[in-house]
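Below: the structure, in structure tokens.
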Amino acid sequence: MLLTENELKPFIKKIEKGNKLDEKGKHQEAIKIYLDTWDELPEPKLEQPERIANWIMSSIVNCYIDLKDFLNAKIWAEKTLETERAKDLINFYEYFQMGAIYFELNEYDKAMESYRKALELDENDVSAYYNRGRILAYLGRYKEALKDFTNAINLEKYDERLLYERAGIF
């Protein structure tokens, strides 16, 4: 059953309540609200209007990242990749976020694949080039890392962090 605009309102209020808790650093309390809201969302969850499912899942992912609980963040971030938003060509964020989570879990091949997909969707994503470059450098793939850092610098010429990372390759 797809929700009507009026039926969405209580879900939106709950998410906003969770967001306020999250902003105050009360991540566990926020996660509880988000998970309860997720459980209450009727099937088909991913087809509900206003991308409500994506909003809930992204909120959960962000809380888990703030708590440095990357395993749970990974579970929920992978679910966000099933949404229509992730399939929309202008939305690279889900792939970028997934890359960051894989990186924290030392799953470097998966992280690089996620950054590759993010860059497919937005070839001007400086952070995806930077993060993929860091992984490549760590893995000793210096020529590839240099290329990513150079691409990032070409997009954001005066970022000292990028210049430092590229200089470290030499």
Residue pairs within 6 Å by beta carbon, gap of at least six or interchain, first lying in segment 93-105 and more than 17 Å from residue 68 (Cα to Cα), second of a type in the set (S, T, N, Q), listed first then second, are 94/80; 95/114
- Could we say that residue 106 is among the polar types (S, T, N, Q) and at pLDDT 95 or above here? yes
Segment 55-170: helices (runs of 4 or more DSSP H) wholly inside it with 3 or more residues that are open to solvent by 40 Å² or more (accessible area, probe 1.4 Å) and closer than 24 Å to residue 27 by Cα are 70-80, 93-104
Filter segment 26-43 for residues that are in contact (Cβ under 8 Å) with a residue 40 or more places away in the chain and more than 17 Å from residue 75 (Cβ to Cβ); the one that is least open to solvent (accessible area, probe 1.4 Å) is 42
Filtering segment 4-53 for residues that are in a loop (DSSP other than H, G, I, E, B) and modelled with pLDDT of 95 or more leaves a count of 5
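The values are calculated or read from the model by the stated rules, or taken from the named source; none is laboratory data. This is a predicted model, so every value here is computed, not measured. Neighbour counts run over all protein chains shown; Cβ positions are idealised from the backbone, glycine included. Accessible surface is based on the protein model in full, side chains and every heavy atom, while ligands, DNA and RNA are left aside. Shrake-Rupley method; radii C 1.70, N 1.55, O 1.52, S 1.80 Å.
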